[in-house]
Structures are given as structure tokens and as C-alpha cells.
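Have a look at the structure below, then the notes.
The values are calculated or read from the model by the stated rules, or taken from the named source; none is laboratory data. Because the structure is predicted, anything quoted here is derived from the model rather than measured. Cβ coordinates were reconstructed from backbone atoms using ideal geometry, including for glycine residues, and neighbour counts include every protein chain displayed. Calculation scope for accessible area: heavy atoms of the full protein, side chains included, ligands and nucleic acids excluded. Shrake-Rupley method; radii C 1.70, N 1.55, O 1.52, S 1.80 Å.
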Amino acid sequence: MLPIDAAAHSSRWRRRHPVDKAVLGLGLTVLAISLPPWPGAALVLAAALTLLLGPAGVGARKLWRAYRVPLGFCVTGALILLLQIGGPGGFVTLADGGPARAGGLLLRTSAASLGVLLFAFTTPMSDLLPRLVKAGVPAPVVDVALVTYRMSFMLLDSMSRIRQAQAARLGHTTRAATWRSLAGLGATAFVRAFDRASRLQAGLAGRGYDGTLRVLVPEVRISRSFVVASAALLTGLVALTLVLERFLP
């Protein structure tokens, strides 16, 4: 199981309906994109970070391990805006207004990423995917997503076991041995994936699979108080942004 999925299963908001958390997390993401970078996106970033480390109960180390990858993409995309190619100053020069645009993009994307992570860290996929059928998503599409989700973890587990076996047999002592082990890992994982898929198909056929995977989903009601509080928070961020825009440069 991936760390972010394990954290979602042990989250304080695990028993809340996905709609509750979607209103809050995805609402913060929309505000991060829609509001001005300063101070709007900065306020959204602070609010999302506070919710993740506070009420949601996500550990700082777990959050950083998941956040550093999208943050790296955010920084890389922002750095490009600092430069311009061609022009009277030379082939590569600093762009006019580049720092302001780069800082704005970095604030928007990093805040939006935290909004998505707020939803991901509190909502397991096993709770979300089965409910998509009631939301109007075709059942075959949800079934494919469920099977792919399950097979992904099985494949990752198989690759981890293979790597451990190769390391125990000194398969990574030299560069040549590492490349041979990598080739063997790919070939073995490919064969095992097809074998597991075949066994999964046979198991579903033996259980009378008729084209729809029936999954038991715990009955959870949408919390009106949580949705109202989330809407109030989002509205407050918008209002605070409009007020601060008049006083901050």
C-alpha cells in the first residue's frame, strides 16, 4: 500500500462522506487557481496546510514526502518564466516581469496541490470509486478503475519482493549486475502481471461475474454542518483576499 493511501485509511476524516471532503479540498483548489496569487493563493496555501496538519491529522513527514514531488514540478514550471530566449539582450536573458509571474505561478500551483492532497490524504480510493456509479459514472468504467487500482498494488508488491530477492543474491553489486537485475525485474513483473490478471479473471468467472463488481460501501451520510463550515471557510478566504488586496502592495 502506498503511504498516501495508508494515511487516508487512518485519517481522522476517514469516516466522513467523500462529498464533504471534496467540497473542502477541491474548493480550495479552485480558489487557488481563481484568486490572485497574492494574497489569495497564499491564504489558500496557509489554510490547506493548517487543515492538513491540524484537523485532518496528517503527519508533517508524510505530507512532505507526498508534497515534494508536485512541488518540484511547480518550482520547475516557475523557473522557466524567469528566462526568455532571443531578443536584443542575448540568446538567453532574464524576462521582464519574470520574477513576479514565476512567484505567482508558484503560489497558485503549490496551493492547488495542497488542496488536492487534502482530499487524497483523507479519502481512500476504495471509498471514492464505488460511489462514482451513483454520481453518474458508467459502471464498467468504475470496474476497470477498481481492478486497475487493485492490480497496481499487487504489481508494486511483486516488484518489491523481486528486488529484495535480487539484492539477497548480490544482484546489485556491480553496474553490469544491476542492469541484468533490472532486465530480470521487468521480465518477471511482466509475466507475473499477466498471470495474476488471468487468475483474477478466472476467479471472477467462478463467482458469477456478470459485468459489474459489487462492492460493500459503508453507509455514511453527508454532513451538512461540515459542508456549511467548508463553504464558510471558502467564502471567508475570498472576502479576506478582496480586503487585503486594497491594503497590500
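Data table
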{"read-out": "Cα-based helix-to-principal-axis angle, 98-120 vs the chain, degrees rounded to 10", "value": "40"}
{"read-out": "Degrees between helix 224-247 axis and first principal axis of the chain (Cα, 0 to 90, nearest 10)", "value": "40"}
{"read-out": "Cα extents of the stretch 130-205 along the three principal axes, largest first (Å)", "value": "53, 25, 16"}
{"read-out": "Farthest toward positive dipole pole in the chain [+1 Lys/Arg, -1 Asp/Glu at C-beta], among Leu43, Thr109, Ala7", "value": "Ala7"}
{"read-out": "Between 0 and 90°, nearest 10: helix 60-80 axis offset from the chain longest Cα axis", "value": "60"}
{"read-out": "Per residue accessible area in Å² of the chain, where ligands, DNA and RNA are left out and the probe is 1.4 Å", "value": "62"}
{"read-out": "Cα-centred dipole magnitude for the chain, charges only on beta-carbon of K, R (+1) and D, E (-1), debye, nearest 20", "value": "800"}
{"read-out": "Accessible-area composition of the stretch 105-249, carbon plus sulfur, in percent [1.4 Å probe]", "value": "66"}
{"read-out": "Mean Cβ neighbour count within 10 Å, used as a protection proxy, ranking 144-152, 123-131 highest first", "value": "123-131, 144-152"}
{"read-out": "The chain - Kirkwood radius from inverse mean 1/r over Cα pairs (Å)", "value": "21.7"}
{"read-out": "Net charge dipole size for the stretch 49-188 [Lys, Arg +1 and Asp, Glu -1 on Cβ; Debye, nearest 20]", "value": "480"}
